[in-house]
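Trainee: Just passing along the structure, written as structure tokens.
The values are calculated or read from the model by the stated rules, or taken from the named source; none is laboratory data. Keep in mind the model is a prediction, meaning the values are calculated, not measured. Backbone-built Cβ (ideal geometry, glycine too); neighbour counts: all protein chains shown. SASA here: full protein model, heavy atoms, side chains in, ligands and nucleic acids out. Shrake-Rupley method; radii C 1.70, N 1.55, O 1.52, S 1.80 Å.
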Amino acid sequence: MGNWIINNGFTAMMLTVWMGINIFLFVWFYLFYDLGEKFFYTRHLLGSALAWARAPAAVLNFNCLLILLPVCRNLLSLLRGSFVSCSRTMRKQLDKNLSFHKLVAYMIALMTAVHMVAHLLNVEWYNNSRQGGYDNLSTALSDLEDSKNTTYLNPIRTTNIDAQQIPTYFVFTTIAGLTGVIITLALILIITSSMEVVRRSYFEVFWYTHHLFVIFFAGLVFHGAGRIVRSQSNVDKHNFTLCKDRFADWGKIPECPMPQFEGGFPQTWMYVIGPMIIYLCERLVRFIRYMQRVQYRKIVMHPSKVLELQLVKKGFKMEVGQYVFLNCPAISQLEWHPFTMTSAPEEDFLSVHIRSAGDWTDKLIDIMQKLPEGAQGPKMGVDGPFGTASEDVFDYEVSMLVGAGIGVTPFASILKSIWYKFKDSDPKLHTKKIYFYWLCRETHAFEWFADLLQVQEKEMEERGMGDFLTYKLFLTGWDESHAGHVKINCDKDTDVVTGLKQKTHYGRPNWDKEFEQVRKENPKSVVGTFLCGPVALAQVLAKKCVKYSDVDPRKTKFYFNKENF
């Protein structure tokens, strides 16, 4: 438990606070509508469905306030910079922004479902009361007119069409009903297109449908303007305890004047106006960055269909491990895709390595391959840079860097920066040891990165710091011809795949063995474990960090960090 708290304690506390607020809002507003005196007559028509509709609405307002904030990347980068002097635990929470965004979205989906079902029942019961299908009090309440001296309770005012068609007519002709349908449809499309299988295979579908959030929020702002949930406004004059059974005398005796009703003031806009303004500012900053000129310094096509772009943008500054969003209007005016930068802060350009992984990347690679040698590529918009967990790599005495496939890109930036720091004898470099692990399925994938490792290997040896960087490359897929080639050349000093002195390992790492070795070699260090790779590997490494961390503050601790885009 102590080890788990080291890595997950603060996250668990934050989630507990968030869930506690949700539960409090639900219970508070449920009791408010279920026990409130001014809703006595409304409850008589609707029963408990009133509270079941309004309580989720309060939770929805709170979560709609939160949903946009985790995707305001410039805001998060600003906060991350503000927390540099604070504990790394606080900064780690900002790196889990997309996980929190998804969690809030799940809560919105759940509460929308409850809210919608409850209101569908409410409309049916409103209609039944209007048709006289319940007791006399329900009929009397539904027959109240909207005139000078009375105000209505039942929002269904139409009686001149087929009774069975009235609920449908009501839903599609009122502000609350129509916006509710629009909001629900938009939310269904957003959620279904956000599933992992859709997002990875058809990113464009995910991208475009996600922008239905504009319609969702617009509908949300106007949804409450219909004021269909009404409450009694003259409870102090009309005592329902005395008058509920004397509805025939309403307005005829002083003790029971006509009950007056009013709709609740729309409140959703007050919750979402702040986040909407922040998000608009976010998009404005993105547009300004898009308009800034970007030049191509170099375009390189690597093996395994990996494209390297070296770009120059005036005034651009970055830190290790950060990422940018790229937009190519020649492919799509609206689509922005995230790519980790492989350049170092010490370099006067920014570089990204782009692997063929979908329609957008395939089109970009195709355009670049057709360019004449030395020509400038198509217009490219660059938004960023944005902070990630890898920024903190130099805050740890010891770092474990784990990349899977193209997930090696943030560590290319880190290793380049280390090379520059050693070259310039930077006194600010406090890191004492780095362990680097790279897992790949194909031998070609190692080729574009091997040159950098060879330079690092030579630099460390010349400075007598061969132990500073320990790297292990794992090939997880190979064929018989490759196995035969390795067998023939196994006695060579350098690896047949990478040309490095460190030989390539075949198969997957034994993480228990690796963590045990790191702990043994660094018995009193704080070790930062950084991953850019799949969720399944993240779960394994997170568990190992917990397993091999020592509660004793004088001994080894592992902190897990994962890249999120």
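Trainee: Check segment 419-434 and report whether any residue there is at pLDDT 85 or above, under 24 Å from Thr529 (Cβ atoms), among the polar types (S, T, N, Q) and open to solvent by less than 30 Å² (accessible area, probe 1.4 Å).
Mentor: No: segment 419-434 contains no residue that is at pLDDT 85 or above, under 24 Å from Thr529 (Cβ atoms), among the polar types (S, T, N, Q) and open to solvent by less than 30 Å² (accessible area, probe 1.4 Å).
Trainee: Against the condition within 21 Å of Gln333 (Cα to Cα), buried (at least 18 other Cβ atoms within 10 Å of the Cβ) and over 23 Å from the mean Cα position of the chain (by Cα), how does Leu364 come out, does it pass?
Mentor: Details: within 21 Å of Gln333 (Cα to Cα): yes; buried (at least 18 other Cβ atoms within 10 Å of the Cβ): yes; over 23 Å from the mean Cα position of the chain (by Cα): yes.
Yes; evaluated as a whole, the condition is true for this residue.
Trainee: Another question, then. Quick one: count up the residues across segment 296-305 that are part of a strand (DSSP E or B) and more than 12 Å from Ser351 (Cβ to Cβ).
Mentor: We begin by selecting, within segment 296-305, every residue part of a strand (DSSP E or B); these are 296-302.
Filter again for more than 12 Å from Ser351 (Cβ to Cβ), leaving 301.
Matching residues across segment 296-305 total 1.
Trainee: Same structure, new question: Among the residues of segment 384-411, write down those that are touching a strand residue (DSSP E or B) at 6+ places or on another chain (Cβ under 8 Å) and in a helix (DSSP H, G or I). Step through it out loud before you land on a result.
Mentor: Of the residues in segment 384-411, the ones touching a strand residue (DSSP E or B) at 6+ places or on another chain (Cβ under 8 Å) are 384-386, 388-390, 392-393, 395-411.
Hits for segment 384-411 are Ala389, Ser390, Asp392, Val393, Asp395, Gly405, Ile406, Gly407, Val408, Thr409, Pro410, Phe411.
Trainee: Moving on. I'm checking my understanding of the structure. Among residues of segment 543-565 that are in contact with a Lys or Arg (Cβ under 8 Å, 6 or more places away or on another chain) and not in a loop (DSSP other than H, G, I, E, B), which one is nearest to Glu391 (Cα to Cα)? Explain how you work it out, then say what you get.
Mentor: Initially, segment 543-565 is screened for residues in contact with a Lys or Arg (Cβ under 8 Å, 6 or more places away or on another chain), giving 548-550, 554-556, 558-559, 561, 564.
In the following step, the residues that additionally are not in a loop (DSSP other than H, G, I, E, B) were identified as 548, 558-559, 561.
Numbers: Tyr548: 23, Phe558: 17, Tyr559: 14, Asn561: 10 Å.
Only one residue fits best here, namely Asn561.
Trainee: I'd like the full set of residues that are open to solvent by 60 Å² or more (accessible area, probe 1.4 Å), free of Cβ contacts under 8 Å to residues at least 40 places away in the same chain and assigned to a helix (DSSP H, G or I), limited to segment 189-199.
Mentor: Within segment 189-199, the first condition is being open to solvent by 60 Å² or more (accessible area, probe 1.4 Å), and the residues that meet it are 189, 191-192, 195-197.
Next cut, free of Cβ contacts under 8 Å to residues at least 40 places away in the same chain only: 189, 192, 195-197.
Within segment 189-199, Leu189, Thr192, Glu196, Val197 meet the criteria.
Trainee: Still on this model: Looking at segment 486-506, is at least one residue more than 21 Å from Cys440 (Cβ to Cβ), at pLDDT 85 or above and assigned to a helix (DSSP H, G or I)?
Mentor: First, pick out the residues of segment 486-506 that are more than 21 Å from Cys440 (Cβ to Cβ): 488, 491, 493.
Subset that is at pLDDT 85 or above: none.
The answer is no, given that none of the residues of segment 486-506 is more than 21 Å from Cys440 (Cβ to Cβ), at pLDDT 85 or above and assigned to a helix (DSSP H, G or I).
Trainee: Can you tell me which residue is farthest from Leu284 (Cα to Cα) among those in segment 48-73 that are open to solvent by 10 Å² or more (accessible area, probe 1.4 Å) and β-branched (Val, Ile, Thr)?
Mentor: Within segment 48-73, the match that is farthest from Leu284 (Cα to Cα) is Ile67.
Trainee: Turning to a different aspect of this structure: Name the pairs whose Cβ atoms lie under 7 Å apart, with the first residue in segment 310-339 and in contact (Cβ under 8 Å) with a residue 60 or more places away in the chain and of a type outside the set (A, V, I, L, M), the second surrounded by 20 or more Cβ atoms within 10 Å (Cβ to Cβ) and part of a loop (DSSP other than H, G, I, E, B), and 6 or more positions between them or separate chains?
Mentor: Within 7 Å, the pairs are Gly321/Thr388; Gln322/Gly387; Gln322/Thr388; Tyr323/Thr388.
Trainee: Filter segment 291-313 down to the residues that are basic (Lys, Arg) and either touching a Phe, Trp or Tyr at 6+ places or on another chain (Cβ under 6 Å) or under 24 Å from Gln333 (Cβ atoms) (or both), then identify the one that is surrounded by the most Cβ atoms within 10 Å (Cβ to Cβ). Outline the logic, then answer.
Mentor: Of all residues in segment 291-313, those basic (Lys, Arg) come to 293, 297-298, 305, 313.
With the extra rule that they be either touching a Phe, Trp or Tyr at 6+ places or on another chain (Cβ under 6 Å) or under 24 Å from Gln333 (Cβ atoms) (or both), the set shrinks to 293, 297, 313.
Working: Arg293: 10, Arg297: 13, Lys313: 17.
Top of the filtered list is Lys313.
Trainee: Could you please give the count of residues in segment 155-188 that are part of a helix (DSSP H, G or I) and basic (Lys, Arg)?
Mentor: Filtering segment 155-188 for residues part of a helix (DSSP H, G or I) gives 163-173, 175-188.
When the remaining residues are screened for being basic (Lys, Arg), the result is none.
Counting residues in segment 155-188 that are part of a helix (DSSP H, G or I) and basic (Lys, Arg) gives 0.
Trainee: Give just the number: which of (1) more than 25 Å from Leu78 (Cα to Cα); (2) at pLDDT below 80 does Thr409 not satisfy?
Mentor: (1)
Trainee: Restricting attention to strands (runs of 3 or more DSSP E) lying wholly within segment 306-373, give those where 1 or more residues are of a type in the set (A, V, I, L, M) and under 26 Å from Asp392 (Cα atoms).
Mentor: Working: elements: 306-313, 323-327, 337-340, 350-355.
Filter on segment 306-373 gives 306-313, 323-327, 350-355.
Trainee: Starting from segment 98-127, take each residue that is without any contact (Cβ under 8 Å) to a residue 40 or more places away in the chain and list its partners that are open to solvent by 60 Å² or more (accessible area, probe 1.4 Å) and among the β-branched types (Val, Ile, Thr), counting only C-beta distances under 9 angstrom and pairs at least six apart or across chains.
Mentor: Partner pairs satisfying both residue conditions: Tyr106/Ile191.
Trainee: If we scan segment 181-202, do we find a residue that is aromatic (Phe, Trp, Tyr) and closer than 29 Å to Leu68 by Cα? If you could, list the steps in order and put the result at the bottom.
Mentor: So the first thing to find is which residues in segment 181-202 are aromatic (Phe, Trp, Tyr), and the list is 202.
Those still in the list that are closer than 29 Å to Leu68 by Cα too: 202.
Checked segment 181-202: at least one residue is aromatic (Phe, Trp, Tyr) and closer than 29 Å to Leu68 by Cα.
Trainee: Let me ask something else. Among the numbered criteria (1) under 23 Å from Ala412 (Cβ atoms); (2) of a type outside the set (S, T, N, Q); (3) open to solvent by 20 Å² or more (accessible area, probe 1.4 Å), which one does Pro329 miss?
Mentor: That leaves (1) as the condition not met.
Trainee: Hand me the list of helices (runs of 4 or more DSSP H) wholly inside segment 200-263 holding 3 or more residues that are open to solvent by 30 Å² or more (accessible area, probe 1.4 Å) and more than 27 Å from Pro56 (Cβ to Cβ).
Mentor: Values: elements: 203-210, 213-223, 240-243.
It comes to 203-210.
To keep it simple, each residue is scored yes or no on (1) assigned to a loop (DSSP other than H, G, I, E, B); (2) of a type in the set (Phe, Trp, Tyr); (3) exposed (fewer than 15 other Cβ atoms within 10 Å of the Cβ).
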{"position": "Ala105", "(1), (2), (3)": "no, no, no"}
{"position": "Thr112", "(1), (2), (3)": "no, no, no"}
{"position": "His115", "(1), (2), (3)": "no, no, no"}
{"position": "Val123", "(1), (2), (3)": "no, no, no"}
{"position": "Tyr126", "(1), (2), (3)": "no, yes, no"}
{"position": "Leu137", "(1), (2), (3)": "no, no, no"}
{"position": "Ala140", "(1), (2), (3)": "no, no, no"}
{"position": "Asp146", "(1), (2), (3)": "yes, no, yes"}
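Trainee: Sticking with this structure for a sec: Taking the options Phe349, Phe316, Phe287, name whichever one is under 22 Å from the mean Cα position of the chain (by Cα), at pLDDT below 90 and open to solvent by 20 Å² or more (accessible area, probe 1.4 Å). Spell out how you get there, then give the answer.
Mentor: Details: Phe349 fails: under 22 Å from the mean Cα position of the chain (by Cα); Phe316 fails: under 22 Å from the mean Cα position of the chain (by Cα).
Of the residues listed, the single one that is under 22 Å from the mean Cα position of the chain (by Cα), at pLDDT below 90 and open to solvent by 20 Å² or more (accessible area, probe 1.4 Å) is Phe287.
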